[in-house]
Amino acid sequence: MTLREVAEKIGGWVDPQHGGLEIHGLASLTDANSGDLAFYGNPKYLSQLRKTCASAVLVSHGFGEQLSAACVWVDQPASAFASLLPLFAPKPIVLQIGIHPTALIGEGVSLGENVSVGAYAILEAGVHIGARTFLGAYSYIGHDSSVGEDSHIHPRVTIRERCTIGARAVIHPGVVIGADGFGFEFREGRQQKIPQTGTVCIDDDVEIGSNSTIDRARFGRTWIQTGVKIDNLVQIGHNCVIGEHSVLCAQVGVSGSTRVGKNVSLAGKVGLNGHIVIGDRAMVGSMSGVGRSIPPDTIYMGAPARPIDKYKKNYSQLQSIHRLYDRVTKLEAENKRPT
Amino acid sequence: MTLREVAEKIGGWVDPQHGGLEIHGLASLTDANSGDLAFYGNPKYLSQLRKTCASAVLVSHGFGEQLSAACVWVDQPASAFASLLPLFAPKPIVLQIGIHPTALIGEGVSLGENVSVGAYAILEAGVHIGARTFLGAYSYIGHDSSVGEDSHIHPRVTIRERCTIGARAVIHPGVVIGADGFGFEFREGRQQKIPQTGTVCIDDDVEIGSNSTIDRARFGRTWIQTGVKIDNLVQIGHNCVIGEHSVLCAQVGVSGSTRVGKNVSLAGKVGLNGHIVIGDRAMVGSMSGVGRSIPPDTIYMGAPARPIDKYKKNYSQLQSIHRLYDRVTKLEAENKRPT
Amino acid sequence: MTLREVAEKIGGWVDPQHGGLEIHGLASLTDANSGDLAFYGNPKYLSQLRKTCASAVLVSHGFGEQLSAACVWVDQPASAFASLLPLFAPKPIVLQIGIHPTALIGEGVSLGENVSVGAYAILEAGVHIGARTFLGAYSYIGHDSSVGEDSHIHPRVTIRERCTIGARAVIHPGVVIGADGFGFEFREGRQQKIPQTGTVCIDDDVEIGSNSTIDRARFGRTWIQTGVKIDNLVQIGHNCVIGEHSVLCAQVGVSGSTRVGKNVSLAGKVGLNGHIVIGDRAMVGSMSGVGRSIPPDTIYMGAPARPIDKYKKNYSQLQSIHRLYDRVTKLEAENKRPT
């Protein structure tokens, strides 16, 4: 595609002398080579821009610096770049459709239209899979569990018995859904297991990242509501509820029976105590540890987590504590002076 | 089951007019629907109680509020509820017994009586499996490793060569036992691998949560002692020892060669430095980072972790540091006043 | 092997009366039994030395204490011990060579000389595997991905489509390479998935620990450079670059688009923010959270992370804050005294 064609697609402007330049791929400023188009959307990356090997760069209208790369001026370089990505994306791989002959399908399994089941997958008795759903290689779907329509279960996902997964789910490799919750009682000198007889219920449009784990409830269900997005290596304890459209970043841990509201955002490595409530639309900063319930529409930070304004004021006073030491030392000296 | 029958089983009292109510399931206050029995064991959940859709609720003897749900008065609602769980639990799924024809059994493998081996499992040469043990689908048991009697290995567990697992183990999906410890030496401009020729030894009655990892020793063994319970996504480094009946919550990390005593409790996301000793019965609060050894019978908290009383006093003084700033400012103003 | 032979191999000295002692194995001071040789390299372990059941112990030249175990005096007990490990290591297990009949090899797959493919492995169409590489049981290699020469892929590794892995890679069980990066945009009341069309590129001599996850790029590549060593349960986000010979300890998390320099060391549980740069040879202490870029050749610590000297001074002042409170109280009392 020529740079002129690129500019047309995104409503941008290019110096006609560069319009014929052939663009072969998209890349970041630092990764780009000759033939690539990059974008410059944030002044923070100016030094990267100046060193880029890209043949062309999307810049915003005000930009006036002379570069070795050709410029395309657009309203919003980042989103213009994003809209180009599908045009340059590699062709999606062609997944094998149909039931692989090595897949083991138990008694009473019901498969919707055009379901695909990958090699070495195991569907235990009583499983139901909705129409057009793709189960990757090595999928393990336990007894009486179900996956809704149009879902994509990547290779090597484990779903134990009696769990329900909704429509349009995307579940990445290594995810474990429905393993026993972690419940023990110390009696007679040892930890005695508390039976975990509940299930996991995952509503529609949920995505779950690689190697994350969602435990089954002690009774009732662990419940992931519609539209929740979960990153890699996240742990969700038994009987938790994660509210609609909430986002949990990598390595988050949610202890048992905690209820996360709707549209909540938990940044990377956040830990939530058990039996607490996180209000709707609350945000928790990365690496924070939340010991108590959080009201809706708040931002919390720190370990233990506090409202962000308190956290920031406190943090800044703690960081400059040496000055307070100095002030006290000075006061002491003044007090010792003979008056 | 009628509510009267429920009350009889737990030694509770129900108003005769509600005795005929049919109970179909157990649920939490927030999850319950018509036909469900819930329990109210903690005043913290009073607002949930008032809004519950349960048909009946277990309450403690003093409770006198009028509810839409029928009440059953008992001594301890939570434990009474727990004792009812088995009665309402779904029938356990029937696991396929015997050796699945797709299981690959290596040379010299010895299987005890009534061992089950799931589909696509692999038992390498020299493996020994104790009587009545169940190996789930895709179990991988490496050369010369063994699993004791009456163990339940869930699908997709990886146990590498020469590891020993005791009796009555419960190992959840995705667990990796016996991968190489993380040991490198920086020589000649690169990280050179230090061979990890030891093993992992897991004693009886151990449970290990989904996707946890336990590395083999550099030499000798990494040792998980009797009755230890490990939650999901926990990392145990090479040559560690975890003492009897200790409990490690989700996302805990234990660095190499650290010795955790007996009956120790590590809360979620705790990190332990390498080459330290955690005394028997010590407890470490969630998200704490332990840099140095901890004496027995102590509670530690924070990063770096300190004894809980010191942690709490220090924490409270740090939280109210703004008041100390104010006091110093006031002193300064006083000192400036002409005397 | 006799103790005399051991002493000769490491250039050590043993009292002739103990020279004939038979050594059957190597072990740590605490793990050792009769017949074992241990080493004592650090005064910190003196109490372990005095209680050891080892038959013999390597000690350094100055050591004069009388022990129940026989002593071998050497220059550096720890490294002398390490050099003995290969002699006492168990014979390496014999892995099955060749293509297992249950392995599924897609169209257009090319295998170098002496490649081994384990049971139930799946190589999708277009995969290339370099000479002498060993793919363990249940390996999943996605369409058009490649693994270089002399690599060892342990059982149950998932590599999705169009990823490249270099030569001499060691990848442990449960690793997931090339799953979708975590990218969503909140539009029209829900989180919309941003396509992740890039790849993962892993250079030569990289080792990756069990159950770690490395996401594919949004576009371009996530790039792990030569010689990088990654421990267990580590998360690497989309479009990250990890520079040559850097070391990432267990449970580290690197957010998207962050660039880690060469020879960087990230201790256990470190979290890195997205879109930052970690300078070459920087070190970050365990459990630290890095919010902003870090210059080369620095040591950072804390959450948020700061240069180690500032961290230490600040930390010490915060720990002794009760004394500052006392000093202020005293000043206040003095000011109230009638002058």
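The values are calculated or read from the model by the stated rules, or taken from the named source; none is laboratory data. Everything numeric here is computed off the predicted structure, so don't read it as measured data. For neighbour counting, all protein chains shown are included, and Cβ atoms are generated from backbone atoms with ideal geometry for every residue, glycine included. Remember, those area values only see protein heavy atoms, side chains included, never the ligands or the DNA or RNA. Shrake-Rupley method; radii C 1.70, N 1.55, O 1.52, S 1.80 Å.
Mind telling me which of the residues C:Leu324, C:Leu272, C:Leu318, C:Leu331 ends up being among the hydrophobic types (A, V, I, L, M, F, W, C) and closer than 19 Å to C:Ala250 by Cβ?
C:Leu272
Being within 11 Å of another protein chain (Cβ to nearest Cβ) and not hydroxyl-bearing (Ser, Thr, Tyr) is the filter here; which residues of the stretch C:66-86 pass it?
C:Phe81, C:Ala82, C:Leu84, C:Leu85, C:Pro86
B:Phe39 - would you say it is closer than 30 Å to A:Val200 by Cβ and touching a helix residue (DSSP H, G or I) at 6+ places or on another chain (Cβ under 6 Å)?
So B:Phe39 passes the test.
Please give the number of the condition A:Val170 fails out of (1) without any contact (Cβ under 8 Å) to a residue 24 or more places away in the chain; (2) among the β-branched types (Val, Ile, Thr); (3) touching a strand residue (DSSP E or B) at 6+ places or on another chain (Cβ under 7 Å).
Going through (1) without any contact (Cβ under 8 Å) to a residue 24 or more places away in the chain; (2) among the β-branched types (Val, Ile, Thr); (3) touching a strand residue (DSSP E or B) at 6+ places or on another chain (Cβ under 7 Å) one by one, A:Val170 breaks only (1).
In this structure, is B:Cys201 under 21 Å from A:His238 (Cα atoms) and either at the interface with another protein chain (Cβ under 9 Å from one of its Cβ atoms) or surrounded by fewer than 24 Cβ atoms within 10 Å (Cβ to Cβ) (or both)?
no
Please specify each residue of the stretch A:218-229 satisfying the condition of being within 11 Å of chain B (Cβ to nearest Cβ) and outside any strand (DSSP E or B).
A:Arg218, A:Phe219, A:Gly220
Inspect all residues belonging to the stretch B:297-309 and state whether any of them is at pLDDT 95 or above, open to solvent by 70 Å² or more (accessible area, probe 1.4 Å), farther than 23 Å from B:Val234 by Cβ and part of a loop (DSSP other than H, G, I, E, B).
Checked against the condition, which is being at pLDDT 95 or above, open to solvent by 70 Å² or more (accessible area, probe 1.4 Å), farther than 23 Å from B:Val234 by Cβ and part of a loop (DSSP other than H, G, I, E, B), the stretch B:297-309 yields at least one hit.
Return the pair list, or none, for Cβ contacts closer than 8 Å from residues in the stretch A:10-31 that are outside the structural domain of A:Ala70 (by TED's automatic domain parsing) to residues that are surrounded by fewer than 20 Cβ atoms within 10 Å (Cβ to Cβ) and modelled with pLDDT of 95 or more, at least 6 apart or on different chains.
Pairs that qualify, where the first residue is outside the structural domain of A:Ala70 (by TED's automatic domain parsing) and the partner is surrounded by fewer than 20 Cβ atoms within 10 Å (Cβ to Cβ) and modelled with pLDDT of 95 or more: there are none.
Looking at the stretch A:155-164 only, could you name the residues that are more than 7 Å from every other protein chain (Cβ to nearest Cβ) and not hydroxyl-bearing (Ser, Thr, Tyr)?
Scanning the stretch A:155-164 gives A:Val157, A:Ile159, A:Arg160, A:Cys163.
B:Asp215 - would you say it is among the charged types (D, E, K, R), at the interface with another protein chain (Cβ under 9 Å from one of its Cβ atoms) and open to solvent by less than 20 Å² (accessible area, probe 1.4 Å)?
Criteria met by B:Asp215.
All but one of (1) more than 22 Å from B:Glu8 (Cα to Cα); (2) among the hydroxyl-bearing types (Ser, Thr, Tyr); (3) under 25 Å from the mean Cα position of the chain (by Cα) hold for B:Ser47; state the number of the condition that does not hold.
Every condition holds for B:Ser47 apart from (3).
Scanning for something more than 12 Å from every other protein chain (Cβ to nearest Cβ) and in contact with a strand residue (DSSP E or B) (Cβ under 6 Å, 6 or more places away or on another chain), does the stretch B:135-144 turn up at least one residue?
yes
Residue by residue through the stretch B:2-45, note down the ones that are in contact with a Pro (Cβ under 9 Å, 6 or more places away or on another chain) and open to solvent by 90 Å² or more (accessible area, probe 1.4 Å).
B:Arg4
What number of residues within the stretch A:36-84 are in contact with a strand residue (DSSP E or B) (Cβ under 9 Å, 6 or more places away or on another chain), within 25 Å of C:Pro195 (Cβ to Cβ) and among the aromatic types (Phe, Trp, Tyr)?
Result for the stretch A:36-84: 3.
Go through (1) out of contact with any Gly (no Cβ under 8 Å at 6 or more places or on another chain); (2) crowded, with 17+ Cβ neighbours inside 10 Å; (3) closer than 30 Å to A:Ala125 by Cα one by one and return the number of the condition B:Ala69 breaks.
(3)
Could you tell me whether any residue of the stretch B:16-26 is among the hydrophobic types (A, V, I, L, M, F, W, C), modelled with pLDDT under 95 and within 31 Å of the chain's Cα centre (by Cα)?
Checked the stretch B:16-26: at least one residue is among the hydrophobic types (A, V, I, L, M, F, W, C), modelled with pLDDT under 95 and within 31 Å of the chain's Cα centre (by Cα).
For the stretch C:230-274, enumerate the residues that are within 14 Å of chain B (Cβ to nearest Cβ), in a strand (DSSP E or B) and open to solvent by 20 Å² or more (accessible area, probe 1.4 Å).
Listed by number, the residues that qualify are C:Val247, C:Ser265.
Restricting to the stretch C:199-209, name every residue that is outside any loop (DSSP other than H, G, I, E, B) and hydrophobic (A, V, I, L, M, F, W, C).
C:Val200, C:Cys201, C:Ile202, C:Ile208
What are the residues in the stretch A:87-123 that are within 11 Å of another protein chain (Cβ to nearest Cβ) and open to solvent by 40 Å² or more (accessible area, probe 1.4 Å), if any?
Hits for the stretch A:87-123 are A:Leu87, A:Phe88, A:Pro90, A:Lys91, A:Pro92, A:Ile93, A:Val94, A:Leu95, A:Gln96, A:Pro101, A:Leu104, A:Glu107.
Looking at (1) surrounded by fewer than 24 Cβ atoms within 10 Å (Cβ to Cβ); (2) part of a loop (DSSP other than H, G, I, E, B), can you tell me which one C:Pro155 breaks?
With respect to (1) surrounded by fewer than 24 Cβ atoms within 10 Å (Cβ to Cβ); (2) part of a loop (DSSP other than H, G, I, E, B), C:Pro155 is out only on (1).
Is it true that C:Arg281 is surrounded by fewer than 24 Cβ atoms within 10 Å (Cβ to Cβ), over 18 Å from the mean Cα position of the chain (by Cα) and within 26 Å of C:Tyr311 (Cβ to Cβ)?
Taking the combined requirement at face value, the residue does not satisfy it.
I'm trying to understand the selection: among the residues of the stretch C:158-198, which are crowded, with 24+ Cβ neighbours inside 10 Å and part of a strand (DSSP E or B)?
Scanning the stretch C:158-198 gives C:Thr158, C:Ile159, C:Ile165, C:Ile171, C:Val176, C:Ile177, C:Gly178, C:Ala179.
All but one of (1) among the hydroxyl-bearing types (Ser, Thr, Tyr); (2) within 32 Å of the chain's Cα centre (by Cα); (3) buried (at least 18 other Cβ atoms within 10 Å of the Cβ) hold for A:Ser79, so report the exception by its number.
If we test A:Ser79 against (1) among the hydroxyl-bearing types (Ser, Thr, Tyr); (2) within 32 Å of the chain's Cα centre (by Cα); (3) buried (at least 18 other Cβ atoms within 10 Å of the Cβ), just (3) comes out false.
Among all residue pairs at least 6 apart or on different chains, which show Cβ distances below 6 Å where the first residue, located in the stretch B:286-313, is on the phi > 0 side of the Ramachandran plot and assigned by TED's automatic domain parsing to the domain that holds B:Gly261 and the second is among the polar types (S, T, N, Q) and buried (at least 16 other Cβ atoms within 10 Å of the Cβ)?
B:Gly302/B:Ser288
Give the stretch C:124-142 a look and list any residue that's assigned to a loop (DSSP other than H, G, I, E, B) and either crowded, with 21+ Cβ neighbours inside 10 Å or under 25 Å from the mean Cα position of the chain (by Cα) (or both), or say none.
C:Glu124, C:Val127, C:Gly130, C:Arg132, C:Thr133, C:Gly136, C:Ala137, C:Tyr138, C:Ser139, C:Gly142 - these are the residues of the stretch C:124-142 that are assigned to a loop (DSSP other than H, G, I, E, B) and either crowded, with 21+ Cβ neighbours inside 10 Å or under 25 Å from the mean Cα position of the chain (by Cα) (or both).
Restrict the check to the stretch B:284-293 and report whether at least one residue is assigned to a loop (DSSP other than H, G, I, E, B) and open to solvent by less than 20 Å² (accessible area, probe 1.4 Å).
Yes, the stretch B:284-293 contains a residue that is assigned to a loop (DSSP other than H, G, I, E, B) and open to solvent by less than 20 Å² (accessible area, probe 1.4 Å).
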